[in-house]
Amino acid sequence: MPRVLLTGFEPFDGAALNPSWEAARLVAADPPRGLEVTSARLSCVFGRAVDELRAAVRETDPDVVVCLGQATGRPDISVERIAVNVDDARIPDNAGRRPVDRPVVRGGPAAYFATLPVKACVAAVREAGLPASLSHTAGTFVCNHVFYALMHQLATERPTTRGGFVHVPALPEQVLDRAQPSLPAATTAHALRALLTASLRPTDLHTPEGTTH
């Protein structure tokens, strides 16, 4: 049975919850048929999150790693296509760290592409009846930090393991006083089950999901 490591983050920036972790633990408790899913909660701290991710990869020996993060303001499940080798924090992380213009991995490539079939993952979520899109920026905060570090680890140590990153919307209770999109954790978990099943496809779809700017 294929093994999947699914990670989410602890709450950050004063929030009480993080939808990435709430959804990750729901999927691990009730995984899609034919997959063994283990969840791991990462600190929202530069450096520490990467150490925790590496430990989880060593412990679970997964075939697929999907890291999740919160993207307040995004209305859909955003499958990230590319991770860039830069930390540039607009706000401090949970340890007060705020790196600016610093590489995630010194001497590493400028960027890595996800090795998931990203367009097939987007299509699978849509087929499950939920909104999804292919994103070309994971930001420059801890989400991109973890995404780049993951892809660097897989490229240099585990070339047969697939990996990628997915941003999820805020929870409804996080945006009650703001006119911003949200999805309940159970709905996000439903989308992720479809996505994880699609992550095992041998090839990706050849459909347009690009942007003009």
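The values are calculated or read from the model by the stated rules, or taken from the named source; none is laboratory data. Please read these numbers as outputs of a predicted model, since none were measured by experiment. All Cβ positions, even for glycine, are placed from backbone atoms using ideal geometry, and neighbour counts span all protein chains on display. Calculation scope for accessible area: heavy atoms of the full protein, side chains included, ligands and nucleic acids excluded. Shrake-Rupley method; radii C 1.70, N 1.55, O 1.52, S 1.80 Å.
Observations on the model:
- Expected 222 nm ellipticity per residue - DSSP helices of 4 or more, -39500 (n - 2.57), all of the chain, to 500: -9500 deg cm²/dmol
- Rounded percent of accessible protein surface that carbon and sulfur make up, the chain, 1.4 Å probe: 52
- Trypsin sites (Lys or Arg not before Pro) within the stretch 1-67: DSSP coil, no more than 12 neighbouring Cβ in 10 Å: R33
- Look at the alpha carbon pairs under 8 Å that are at least 6 residues apart: their mean separation over the length of the stretch 43-134 gives a relative contact order of 33 percent.
- Size of charge dipole - the chain - debye, nearest 20, with Cβ of Lys, Arg +1 and Asp, Glu -1, no other charges: 260
- The stretch 1-160, relative contact order in percent, only Cα pairs under 8 angstrom and at least six apart counted: 26
- Share antiparallel - DSSP beta bridges, the chain, percent rounded to 5: 20
- Per-residue Karplus couplings for the stretch 193-209, computed as 6.51 cos²θ - 1.76 cosθ + 1.60 with θ equal to phi - 60°, are listed in order as 4, 5, 5, 5, 4, 5, 5, 8, 4, x, 9, 8, 7, 10, 10, x, 9 Hz, Gly and Pro entered as x.
- Leading residue at positive end of dipole, the stretch 141-213 (Cβ point charges), from A186, P159, H213: P159
- Estimated dipole of the stretch 43-108 in Debye, rounded to 20 [Cβ of Lys and Arg +1, of Asp and Glu -1, Cα centre]: 300
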